[in-house]
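One structure below.
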Amino acid sequence: MAGSSSLQPRILSSFVGDGLIRSCRPLYGLFRYDPGRKHVSMQLSRTFSSITNLLFNRRTLDELSNSKRKRLQPGKLSPRRPVPDHIMKPPYVNSQQAPGIASGPEVHNKEGIECMRASGKLAAQVLEFAGTLVKPGVRTDEIDEAVHQMIIDSGAYPSPLGYGGFPKSVCTSVNECICHGIPDSRPLEDGDIINIDVTVYLNGYHGDTSATFFCGEVEEEAKNLVQVTKKCLDKAISICAPGVEFKKIGRTIHDHADKHRYGVVRQFVGHGVGRVFHADPVILHFRNNEDGRMRLNQTFTIEPMLTIGSINPIMWDDNWTVVTEDGSLSAQFEHTILITEDGAEILTKC
Ligand SMILES: [Co+2]
């Protein structure tokens with residue numbers, strides 16, 4: 001990953017670094033990163049920036065609940081966790097450069113599909129286990145430790161570890177954190193929501209999934225956001241099939257989010273996944289007019305991020321953690337899916 005001094009424009013998918021914007025032509029012109037202000041914004045600002053909040057995301061700061069929740073602060077990181085030599089590692093490990101999005105879709109033969117099913121299932125099992133750890137007082141670093149151990153015990157590699165310099169084995173995104181939160185010393189608090197994003201690399205194939213969990217007693221407003229976000233993912237998966245246009249995913253998610261007056265984050269996207277962590281196509285979660293259709297035996301993720309307030313992200317100095325600019329809550333769910341003859345199979349299922 002390039003440091004904060006980089007003047008390169010930047011878009012981060014859910015777990016894609018600077019490489020995406022360099023390799024992904026159609027989207028290149030859409031995004032702008034202003035290092036001075038730590039805002040990740042889009043160049044079509046007249047269409048999509050502040051007006052977006054007015055048109056599609058009608059809640060304003062005044063409307064946001066005056067809950068006592070404190071803004072998220074960075075905690076301390078524990079030392080990097082070792083991975084035994086016998087575990088097969090993806091090629092990007094030990095390179096500081098984020099690999100970005102590989103060109104070409106992930107379309108599999110029979111054996112490839114079986115490998116995708118296996119890595120998807122393991123990712124889902126790890127995520128389910130990680131969710132059981134969410135309790136007030138538990139540090140996100142403890143979740144990382146447990147996830148790391150379970151993945152290694154299963155003979156797999158935790159894909160985020162060393163991806164573009166990412167220091168941990170899982171992403172833990174609490175409250176206003178949109179995505180890419182780094183597990184640290186912060187103990188979870190009663191009322192937090194936390195997205196846990198697990199990716200495993202098993203026998204040469206990545207499986208990628210995330211869910212948002214409740215910590216203790218969560219306010220109604222947060223619960224509703226989380227439930228609507230999950231519904232957006234489910235609805236998007238239900239329209240997938242061979243020949244369907246990818247842009248239908250964005251329309252489906254955006255329509256449902258609008259109904260509930262939630263915002264859809266634009267700067268972070270789904271992606272092809274399989275032999276590489278991030279491949280074509282880029283999956284946009286908002287209404288768009290991009291070309292491309294789903295292919296039989298193709299695998300990719302859908303991973304919408306919805307917000308109660310502003311959809312505009314700000315990146316912390318760690319160059320990973322992305323939070324909403326107004327501190328309002330954000331939720332996310334993600335599955336890896338396989339396009340089958342009659343629709344889509346969710347691979348990241350237990
Ligand atoms: Co992903």
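The values are calculated or read from the model by the stated rules, or taken from the named source; none is laboratory data. Computed from a predicted model, the values in this text were never measured in an experiment. Note that each Cβ is placed from the backbone with ideal geometry, even for glycine, and that neighbours are counted across all protein chains shown.
General remarks:
- Enumeration of residues in segment 340-350 that are surrounded by fewer than 24 Cβ atoms within 10 Å (Cβ to Cβ) and of a type outside the set (Lys, Arg): 340, 341, 342, 343, 344, 345, 346, 350
- Options 302, 337, 311: the member that is surrounded by 23 or more Cβ atoms within 10 Å (Cβ to Cβ) and more than 16 Å from the ligand (Cβ to nearest atom): 311
- Any hit, segment 210-221, residues being part of a helix (DSSP H, G or I) and more than 23 Å from residue 282 (Cβ to Cβ): yes
- Members of segment 131-150 found to be in contact with a helix residue (DSSP H, G or I) (Cβ under 6 Å, 6 or more places away or on another chain) and either under 24 Å from residue 277 (Cα atoms) or part of a helix (DSSP H, G or I) (or both), listed by number: 143, 147, 150
- Any hit, segment 180-197, residues being touching a Phe, Trp or Tyr at 6+ places or on another chain (Cβ under 6 Å) and on the phi > 0 side of the Ramachandran plot: yes
- Index of the failed condition, residue 99 passing every other in (1) surrounded by 15 or more Cβ atoms within 10 Å (Cβ to Cβ); (2) at pLDDT 95 or above: (2)
- Consider segment 317-334 and keep the residues that are within 16 Å of the ligand (Cβ to nearest atom) and assigned to a strand (DSSP E or B). The one that is nearest to residue 275 (Cα to Cα) is 334.
- Test: residue in segment 176-192 that is in contact with a His (Cβ under 8 Å, 6 or more places away or on another chain), at pLDDT 95 or above and not in a strand (DSSP E or B): no
- Matching residues, segment 200-229, being within 16 Å of the ligand (Cβ to nearest atom) and among the charged types (D, E, K, R): 208
Per-residue answers, yes or no, for (1) under 18 Å from residue 83 (Cα atoms); (2) surrounded by fewer than 23 Cβ atoms within 10 Å (Cβ to Cβ):
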position	(1), (2)
162	yes, yes
169	yes, no
172	no, no
178	no, no
187	no, yes
194	no, no
199	yes, no
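- In the set 192, 141, 153, 197, only one residue is away from the ligand (no atom under 15 Å from the Cβ) and within 21 Å of residue 327 (Cβ to Cβ); that residue is 192.
- Failed item in (1) touching a residue at least 12 places away in the same chain (Cβ under 8 Å); (2) assigned to a helix (DSSP H, G or I); (3) more than 16 Å from the ligand (Cβ to nearest atom), with residue 234 passing the rest: (1)
- A residue that is among the aromatic types (Phe, Trp, Tyr), closer than 30 Å to residue 150 by Cα, within 12 Å of the ligand (Cβ to nearest atom) and outside any helix (DSSP H, G or I) occurs somewhere in segment 259-278.
- Contact map, segment 262-278: first residue modelled with pLDDT of 95 or more, second residue near the ligand (Cβ under 8 Å from one of its atoms) and among the charged types (D, E, K, R), Cβ cut-off under 7 Å, separation 6 or more or different chains; pairs are 270/303; 273/208.
- Within segment 294-316, the set of residues being part of a strand (DSSP E or B), touching a Pro at 6+ places or on another chain (Cβ under 8 Å) and under 19 Å from residue 251 (Cβ atoms) comprises 300 only.
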